[in-house]
Each structure stands twice: as structure tokens, then as C-alpha cells.
Amino acid sequence: MGTFSSALDRPARTAAVIGTEDEAITVAGTVAEVFSFPAEGGGAARTAEARLDLLSRSGLFGISVPTEHGGIDVSNTVLAEVCTVAASRSAALADVLAAHFVAVEEARSHGSESQQGTVFSAALAGGRLARASARRNGESVDALPLVASGLAWRLGGEALCTPCARHADWLLVPAHLDGGRPAGLLLATRIDGLHYVANSCEPAKGGVQPAEHVLFKDVAIDGDTLLHSAGETALHGVPRSLDLLLEAARRIGAAREAMRHLLDDDAGDPIETGRLAARLAAAEAMAGEAGRAIDAAQIGLAGQHRTNAFLAAAAALAAAEDAAAALRRAGTAPAGEASLSPHLAAILRESGRLRRDEHRRPPEEEG
């Protein structure tokens, strides 16, 4: 398929087969624990590659593959929960998973049958897709231009990509054809003209994974690599909505971890705990609703399905950001009991105490 093929120097992988949605969430938690441990000194590159290999073999990359292509096609609510579980332990893992799931959805929404068959079978075998965000003069732009060259095109420019993009199989690059018509490019990550600027896949100090800086220098593009979006509907299409949902999921994951630390603090205020827990629960509920709306948009033909999915995902992201920001501020500002009605303050105090009691209850006492 021309340049639309996996890296030829990459050995074949054998990935586990995840059979249920519950198993997908469990596997995500197991892999997240591995990613949460810092790398040992002296083996950074090997450690990063080992973690990524474990992730590829876990089967998580194949969970959104449609059933007609051999996958289990988990619901988008479960995809969000997988990213949430990952983000609560490792932001880098969550970024890698979210980018892959959105890129797979791009192939599902806009790819040809041949492209879909190639991507889906590779994902089931542990193949990974990364994503690029176009840049020009140090600023973000919507897409990179494709310049006509005979019957094909040439691509140049720069992008910030999913962490450790060089270790992925494909890179999804936003581009536009002559006249501004949008298209996605699925490029093998080891073709001529792709240059990776950074040298490490390990998180920087503080646990933040840097984006991969990639340069495109006169890359040859043929028609096999193009994913044609549906014009103006791409703005509110399913891949965009899924992207927003998984962004919300990553914020919810970070908020869950912050809540865990808050509950570990014996001196924490029950009212503030109850208020923050309510915000987090609301964000989780909105993410679930957005996931169901995206499920409907994937099978619905009406434009209203796509609009509803986009609006629900945007609302979930706003709620998740609000909850995450409130938890980041926890303990740095007064709880604000005076701004609450006595009835609500009493309810939140009781809720906060119950959550703290549940958090401290030994596992053997549950049930």
C-alpha cells in the first residue's frame, strides 16, 4: 500500500486477546501500575521501550476495533474509563492510549475498507497509532499543507506528537490539500523524511512526558496514506468528540488521584471533601453520558447524532476541568462553608465523612 504500511524493520508482535469490557479496565490498571514506577538509572531507553512493548502486548490497542474486524468494539464509556484509570497513575500512558483510540476512530470514520483492514488487524496484534499536532513558527496550526508533485504530494513542516511517537507504527498527521480541503495522513513512523528531534521517551523531572518534536522534510505522500474527512462535518465528527471525551477522561483520572491524596489527609475538612467528591462524581456522570452519545453517533446516520455527541463531550470536558482544578486548589483556600445553605452544608459534611470512612475501611471489611 505504498507509504501506508507499518515499519518494515519492526518485528512481529503477539498481543493478548481482551474479551470483555471489564477485562479491558482491569488490564489498564495493571499496565498503569507498571508505567507509574520511575525508570531506574542507566537504563532509561530500554525501560521506555520495555514499557511500550508491554503495552503493545497487553491487548489494549485492539479493544476499540469493530466486531466485524475481529475486535470487541468496547463502548466509548469504557474507552474513557480505560484512559481515566491510566491517567490516575501515569499521564504518559493515558496520552498514548487516547491518541491511539482517536486515530483508530479516524480510520473507522474516514478510512477506506483497505485502510481499515490494515489498521484494525495491526491494532489487534499490538500495533500503535500516534497523533501529530501541526506547528508553524512555534505556534499551533490546524494542519500542514500538502504540495502537489505529479500524481502525488510532498509534505514539509513540523509537529508535536504523542509521547514516544517514534516507537509507534503510524503517525496520524492533519493536513490540507489544495483549496484547503482537510485530510488526515497515516504515515509509517520510519519512512524517509521523518526526523525525531528528542532522544528519550522517559518522563521529564516531575513526571510530565514531553511531546515528541517531529520534522517533516520533503516527505513523499501518495493516495494510499490519505484519510478523507467529510468536509465541514469533520469539525463535529465522531473522532473530534471522542478526542474531547478522552481529554476529559485524562482530567478525571488526575482528579481521582488528587482525591485519593485528599482522603489520605486525616485533617481534611469533611464539607470540602463532600463538595469536591460531588464535583468529581458529576464529571464522571457527564463523561458516561458523552460516551453513550458518541456510541449513538457511530451508528446513527443523522447529523443530529454527531452534534449531540460533540455537545455532550464538550460539556464533559468542561466539568472534568472544573473538578480537576478544584481538587488542585484543595487545601490552599477556605472551604467556603458560609456560601452554602445549612441544609446543603450538612449533607456535604455527612457525604465527606462517609467517603473518608469508606476510604479508610480495610479491604477485608468490604462487602
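The values are calculated or read from the model by the stated rules, or taken from the named source; none is laboratory data. All of these numbers come straight from a predicted model, not from anything done at the bench. Counting neighbours? That spans all protein chains shown, and the Cβs are built from the backbone with ideal geometry, glycine included. For the accessible areas, the whole protein counts, side chains as well, though only heavy atoms, and no ligand, DNA or RNA atoms are used. Shrake-Rupley method; radii C 1.70, N 1.55, O 1.52, S 1.80 Å.
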- [ ] Would you confirm whether any residue within the range 125-141 is touching a Ser or Thr at 6+ places or on another chain (Cβ under 6 Å) and in a helix (DSSP H, G or I)?
- [x] no
TODO: Consider Asp243 carefully, then state whether it is buried (at least 16 other Cβ atoms within 10 Å of the Cβ), within 24 Å of Ser75 (Cβ to Cβ) and among the acidic types (Asp, Glu).
DONE: yes
Task: First in the range 23-51 and outside any helix (DSSP H, G or I), second anywhere and surrounded by 16 or more Cβ atoms within 10 Å (Cβ to Cβ) and at pLDDT 85 or above, Cβ under 9 Å, 6 or more apart - done: Ala39/Arg51
- [ ] Residues being over 16 Å from Ala297 (Cα atoms) and touching a Pro at 6+ places or on another chain (Cβ under 8 Å): count how many of those fall in the range 92-102.
- [x] 3
Open item on the list: Return the pair list, or none, for Cβ contacts closer than 6 Å from residues in the range 108-124 that are within 19 Å of Val74 (Cα to Cα) to residues that are open to solvent by 20 Å² or more (accessible area, probe 1.4 Å) and assigned to a helix (DSSP H, G or I), at least 6 apart or on different chains.
Closed with: Phe120/His69
- [ ] Residue by residue through the range 252-268, note down the ones that are open to solvent by 60 Å² or more (accessible area, probe 1.4 Å) and modelled with pLDDT of 95 or more.
- [x] Arg256
Open item on the list: Every residue in the range 235-274 that is of a type in the set (Gly, Ala, Ser), in contact (Cβ under 8 Å) with a residue 12 or more places away in the chain and outside any helix (DSSP H, G or I), please.
Closed with: Gly237, Gly268
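Would you check if Ala278 is among the hydrophobic types (A, V, I, L, M, F, W, C), within 28 Å of Ala86 (Cα to Cα) and crowded, with 19+ Cβ neighbours inside 10 Å?
Here the answer is no, as Ala278 does not meet what is asked.
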Task: Flag if Ser114 is surrounded by fewer than 23 Cβ atoms within 10 Å (Cβ to Cβ), in a helix (DSSP H, G or I) and over 23 Å from the mean Cα position of the chain (by Cα) - done: yes
Open item on the list: Can you find a residue that is β-branched (Val, Ile, Thr) and without any contact (Cβ under 8 Å) to a residue 12 or more places away in the chain anywhere in the range 64-83?
Closed with: yes
Task: Among the residues listed as Leu317, Leu301, Leu344, Leu340, the single one being under 30 Å from Ala107 (Cα atoms), among the aliphatic types (A, V, I, L, M) and at pLDDT below 80 - done: Leu301
Open item on the list: Every residue in the range 156-182 that is part of a strand (DSSP E or B) and either under 19 Å from Ala125 (Cβ atoms) or open to solvent by less than 10 Å² (accessible area, probe 1.4 Å) (or both), please.
Closed with: Ala159, Cys161, Trp170, Leu171, Leu172, Val173, Ala175
- [ ] Tell me which residues, restricted to the range 65-89, are open to solvent by less than 10 Å² (accessible area, probe 1.4 Å) and under 26 Å from Glu257 (Cα atoms).
- [x] Val74, Asn76, Leu79, Ala80, Val82, Cys83, Thr84, Ala86
